[in-house]
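Let me begin by presenting the structure, written as structure tokens, before commenting on it.
Just so you know, all these numbers are worked out from the coordinates, no wet-lab data involved. Computed from a predicted structure; not experimentally measured. FYI the Cβ positions are ideal-geometry reconstructions off the backbone, even for glycines, and counts take in every protein chain you see.
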Amino acid sequence: MMRQWQIENSQLVMKNSEIPNPKDDEILIQVEGFSLNRADVLQIEGLYDAVSVPGLEVCGTNLTTGEKVCALLESGGYAQYATAKKNQTIPLPSCYSIAEGAALLESAITVYMNLKKMSPLPGQSILIHGGSSGIGTMAIQMCRLMGLKIIASAGSDDKLQACLNLGADIALNYHGDFHTSLNRSVDMIIDILGGDIFTRNIQCLAPYGKICVIAVMAGSNALAPLGTMLMRNVSLFFSTLRSLNNEAKASLIKSYLRDFAAYMNNGTLRPIIDSTFAFSHLPDAIDYMRKRQHFGKIVVMI
Ligand SMILES: NC(=O)c1ccc[n+]([C@@H]2O[C@H](COP(=O)([O-])OP(=O)(O)OC[C@H]3O[C@@H](n4cnc5c(N)ncnc54)[C@H](OP(=O)(O)O)[C@@H]3O)[C@@H](O)[C@H]2O)c1
């Protein structure tokens with residue numbers, strides 16, 4: 001038997017459960033840490049794909065080989081044991097802690113997928129909305145390694161300073177008139193906000209600018225100034241990692257490793273860990289994420 005956290009009536013409840021059986025294309029992992037993602041909070045609140053046991057990424061021991069691994073999951077990470085697709089599992093980089101391994105894949109592969117869509121060239125500029133998020137802190141680092149000029153947005157002065165410390169060249173509060181100061185100067189945008197921020201993004205874009213919308217935390221409806229977008233030859237992309245099939249995710253992980261493994265192995269790319277919580281205190285970790293005071297990833301250690 002094992003312990004796991006299940007969603008019941010929009011609350012997390014600790015339960016006993018059978019240890020899962022891996023299928024032929026899966027491994028069984030003894031979980032030593034998992035990280036929180038905003039999607040988990042939405043699932044608990046019933047606002048996103050329904051799952052019984054949340055948890056999109058874990059780090060622990062592959063019980064077949066004894067090797068430490070990081071794994072991307074569909075769900076089920078909030079547990080002492082989890083099964084993962086073999087092709088969505090990577091060895092824990094040797095200089096990473098378990099917490100860092102648990103906080104890597106969901107953000108890194110999402111950011112990688114979106115950067116690939118926009119094909120950035122060194123020296124181009126990118127606006128990363130939500131620079132303090134798990135996604136944002138990974139995006140700032142990956143874009144810095146790619147030689148991009150980084151503008152990060154966040155909602156408070158502390159977070160703006162932390163984005164600058166992490167490697168952003170400019171940090172702007174998205175509650176302010178960031179679009180006026182960035183007028184027509186930005187080549188690419190990664191947007192987790194949507195809503196009225198989407199409309200203001202268009203003013204920021206240079207001709208042939210590109211936007212990847214990956215979440216809509218500021219609202220799922222937006223006014224799109226189509227005439228301006230047309231005349232500026234704007235490209236617009238939307239994507240969710242979750243909706244990709246196994247093969248597509250595996251192929252992205254392979255290609256991410258080809259481009260970024262060296263940076264992980266020498267420690268120049270590592271998830272930013274805001275805080276760690278004990279397994280028994282998971283509901284506190286979720287409440288902490290809801291308060292939006294974190295910078296980087298929140299990890300639960302087992
Ligand atoms: N499309 C995909 O494939 C994909 C994959 C992974 C994640 N995502 C999405 O990307 C976003 C970031 O995920 P994450 O796990 O990195 O999040 P996170 O660490 O919880 O960070 C979210 C940050 O966004 C800002 N924010 C602005 N409006 C918000 C709102 N209404 N509610 C909550 N936070 C708000 C907050 O920073 P400030 O204090 O600066 O406002 C908050 O700290 C989420 O929406 C997630 O669902 C999408």
**Message:** If I ask for residues that are surrounded by 17 or more Cβ atoms within 10 Å (Cβ to Cβ), part of a strand (DSSP E or B) and away from the ligand (no atom under 16 Å from the Cβ), which ones from the stretch 189-238 would you list?
**Reply:** 205, 206, 209
**Message:** Being at negative phi, without any contact (Cβ under 8 Å) to a residue 40 or more places away in the chain and either away from the ligand (no atom under 14 Å from the Cβ) or assigned to a strand (DSSP E or B) (or both): is that true of residue 121 here?
**Reply:** yes
**Qualifying positions in the stretch 243-302 - outside any helix (DSSP H, G or I), touching a residue at least 24 places away in the same chain (Cβ under 8 Å), closer than 18 Å to residue 40 by Cβ and more than 15 Å from the ligand (Cβ to nearest atom)** = 301, 302
**Request:** Specify the residue that is surrounded by the most Cβ atoms within 10 Å (Cβ to Cβ); the eligible residues are those in the stretch 72-93 that are in contact with a helix residue (DSSP H, G or I) (Cβ under 6 Å, 6 or more places away or on another chain) and closer than 22 Å to residue 269 by Cα.
**Result:** 72
**Item:** Any hit, the stretch 16-29, residues being β-branched (Val, Ile, Thr), surrounded by 24 or more Cβ atoms within 10 Å (Cβ to Cβ) and over 17 Å from the mean Cα position of the chain (by Cα)
**Value:** yes
**Fill in**
Counting only residues in the stretch 30-48 that are polar (S, T, N, Q) and touching a strand residue (DSSP E or B) at 6+ places or on another chain (Cβ under 7 Å), the one surrounded by the most Cβ atoms within 10 Å (Cβ to Cβ) is identified as 35
**Asked** Mind checking which pairs have a first residue in the stretch 128-157 that is in contact (Cβ under 8 Å) with a residue 60 or more places away in the chain and under 22 Å from residue 100 (Cβ atoms) and a second that is in a strand (DSSP E or B) and within 13 Å of the ligand (Cβ to nearest atom), Cβ under 6 Å, 6 or more apart or different chains?
**Response** 128/152; 128/190; 132/154; 134/297
